[in-house]
Every structure is written in C-alpha cells, then in structure tokens.
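Reading through the structure tokens given below for one structure.
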Amino acid sequence: MPNSIASIPPDANVLEISLFGPGVGECVLVHLGGGDWLIVDSLQRRPNLLPVALEYLGFLGVEPSGIRVIVATHWDDDHVRGLFQVLQAAPNADFYCSAAFGNRDVRVMLDLYGGVPPKQGTTAREVWEVFQLLEERGKPLKLVGPNQILYRRAATREIPDVIVSSLSPSHSAVQAAIQAMISRIPHNGDLRVFRPWRPPNHNAIVLSVKWDTSIVLLGADLEEVNNAIGWTAIVNDLNRDQGRAEVFKVPHHGSMNAFVDRAWDELLVDDPIAIVAPFRQGDVILPTAEGREAICRRSSRAFIASFPYRRPAETTRERAVQRTLAEASISVQHRTYPSGQVRLRKSAQTSNDEWAITLMGNARELCA
Ligand SMILES: [Zn+2]
C-alpha cells in the first residue's frame, strides 16, 4: 500500500484506534468521528522528541484543534512523555487523570505549593507543566473514578452516537489513595505511620469507547490487585456498561500480573481483536513468552505495535503475512511510516465484524 493511502485521514463516519508502542512507551489515539479525537497517554520519538500522536496527526494533515479529550491513565514514565506538548497543541481539549492520586502526584502538589518546579526531564515535571497550563487556561484538571462519562456525542445521520467512559480506578482505589495521603499529615505529638503508596498501575484509568454497538476496551496498565482494586473489581461492578468489547488494548504490555481470565470471559466478545504495546528495558521484555501464549489462546487476531522478540526468518514472516492478507482485510506497511503502530478502522456503514487493520513500521502479528 503506498504512503499516500496510509496518510489519508479517517472519514467523519470512521472510528479509528491507533496504538503506538516502539518498545518503551505507549500512546493510543482514537478518532471518535466527526473530526473529534481522544488521546490516551503519550510517548515521544527521537530525534525531535515530538509526541507520536501529534506527529501522526501531522502525517494525516489533521489539525490538533480536533483533540477533545486527553487522558493520562497513570503517571508512569512510559505513559506521560510529551503530554504537556499534546495539551499545549490542543486548545479545545479537556484533560483527565486518575482520581486515585499516588506519590508522584502528591510530590508535584507539594512542589507547586512550595513554588519550586520539579527537575526538567522528570515525570513530575511533565505533570507540573500540565497542571500549570490548565491553570493558565482556567480549565479544571478532571479527576476520573469508575463509570464516569468523559465524552459523549449524539448520533447524526452519518455518525452513530459515541460514549467514552471509565471503568476504573475503583472507589476502593480512590479511597486507599486518600487514606495514604491523610496518613502523611503530621499531627502534634503523634508518631506517624505511613501507609505504603500503591503502584500507579493499581490506580490506572481503563476506558471504554462505545461507538454504535461496538465497544473498544482500552486496558491501560491496570493490574489485578484484589477483589476491590483491579480487573476483578471491574468485572464485578454492576454499575458498568454490561456490553462486551470487540477490541481490547491489552493491559500492562501483556504482563501476566494484568491477565485475568474473567476479564476476557465477561468484558469481551469471544475471540476479540487484541492489540498490545510491548515493553523492553534491559532483560525485561513484555509480553513474556507466557504472556504472549495467554493472549494468543484468547485471540486469533492479536497484533503488537512493534516486535520485541528475536525475529523469525524473514521468509517465514513474509509467508505468514501473505496468508493473513488473503484471509482478512489486513495491510502491512513496513516502510511508509517510521513508528511502530497498529491501526484499526471501522466505518459506520459496514457490519460489526469489519475492521480494516493496518500494521505500520515494526508492528506485527503477535502470534504468527
Ligand atoms: Zn506501561
């Protein structure tokens, strides 16, 4: 497929899900229809350190003024890089983050009150700059708990209704975060007992994008913790939308600490499309062999934004790709776009099953 086709922006009546994941870092970009965009997390690419979401919108020739919603699922390094630049470029966007604040967020608050900006190049600095800019714009930082609507648009003649809502953090996660903060307030004569901070992954925002009857589940880095926090809490939540998703952005880079059978059984259709952003640092590669197997047992259409493993012989891969091409509407573009990206598009005019899948840069089938 030539470059010119890859760079055609989605029509007003097309839902697009793009997952970027070059090895470290994750970003999801969603076209909600009608020129409205949602950006979930951010990563930057060298050498110019432009956020991938802005780079890709530029590639499509789309103005960032169409960005309506920006979500920081949790404040971890591999998810926040460039969020400030994204917000800066998007004057019409609301900014959402988890209501279950953790240690990093509190550190930023303290820095703000002390008037000391956090060090350049740190996660805290990214958060601080976002907070500053929102304040300048007179916009609130919007805090997310479970079952909240972040975006809604009613149907028009061409475009179905769209709802973006949250499934986490759970009320228990929010409460635990508040208690952890309270435990740090010094009282006269008291011995302070610190409750440990929860890892940010426990407080991450999982999103559901409902487009007509189709649902896409964006799993962020949410891990399984206990019945009150994590995936089982979502499955058991009677207040959530009970529809099943046909696309799953697999949580926490396919890590087994986020793999919960009941989530696949009860939140998703049978054999959903699965998309994964890898994580690679030193000897750590996610998904592990076990994680990869677990995903491939559940999905016959699993894709990874860039391939983190030793590559199979080129001819084998090419043969596998040819077979898949013959079977489904999948196109492969290795040279047209530099970043690892899985792109899914679905038109309001086609029936439920028809997703056009494009693998760009180093994106691959996960299970081939
Ligand atoms: Zn991550």
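Observations on the structure shown:
- Filter result (in a loop (DSSP other than H, G, I, E, B) and not β-branched (V, I, T)) within the stretch 168-186: S168, P169, S170, S183, R184, P186
- Residues of the stretch 41-73 satisfying the condition of being closer than 24 Å to C97 by Cβ and among the polar types (S, T, N, Q): S42, Q44, S65, T73
- For the stretch 353-368, the candidate set comprises residues that are of a type in the set (A, V, I, L, M) and in a strand (DSSP E or B); within that set, the residue that is surrounded by the fewest Cβ atoms within 10 Å (Cβ to Cβ) is A356.
- Test: residue in the stretch 72-80 that is closer than 25 Å to H202 by Cβ, open to solvent by less than 10 Å² (accessible area, probe 1.4 Å) and away from the ligand (no atom under 15 Å from the Cβ): no
- Considering the stretch 297-308, and only residues there that are at pLDDT 95 or above and within 16 Å of the ligand (Cβ to nearest atom), the residue that is surrounded by the most Cβ atoms within 10 Å (Cβ to Cβ) turns out to be A305.
- Count - residues of the stretch 130-159 that are touching a residue at least 24 places away in the same chain (Cβ under 8 Å), open to solvent by less than 40 Å² (accessible area, probe 1.4 Å) and in contact with a helix residue (DSSP H, G or I) (Cβ under 9 Å, 6 or more places away or on another chain): 5
Residue by residue, here is whether (1) assigned to a strand (DSSP E or B); (2) at pLDDT below 95; (3) open to solvent by 10 Å² or more (accessible area, probe 1.4 Å) holds:
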| residue | (1), (2), (3) |
| --- | --- |
| P9 | no, no, yes |
| L15 | yes, no, no |
| P22 | no, yes, yes |
| V28 | yes, no, no |
| L32 | yes, no, no |
| I39 | yes, no, no |
| N48 | no, yes, yes |
| V69 | yes, no, no |
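- Looking across the stretch 220-257, the residues that are away from the ligand (no atom under 16 Å from the Cβ), of a type in the set (G, A, S) and in a loop (DSSP other than H, G, I, E, B) come down to A228, G243.
- Total residues in the stretch 266-296, condition part of a strand (DSSP E or B) and either surrounded by fewer than 18 Cβ atoms within 10 Å (Cβ to Cβ) or away from the ligand (no atom under 12 Å from the Cβ) (or both): 12
- All positions within the stretch 198-237 that are open to solvent by 60 Å² or more (accessible area, probe 1.4 Å) and modelled with pLDDT under 95: R198, P199, D212, T213
The values are calculated or read from the model by the stated rules, or taken from the named source; none is laboratory data. Predicted model only: the values in this text are computed from it and were never measured. Here the Cβ is made from the backbone with ideal geometry for all residues, glycine too, and neighbour counts use every protein chain on show. When the accessible area is computed, the model is the full protein with side chains, heavy atoms only, and any ligands, DNA or RNA have been set aside. Shrake-Rupley method; radii C 1.70, N 1.55, O 1.52, S 1.80 Å.
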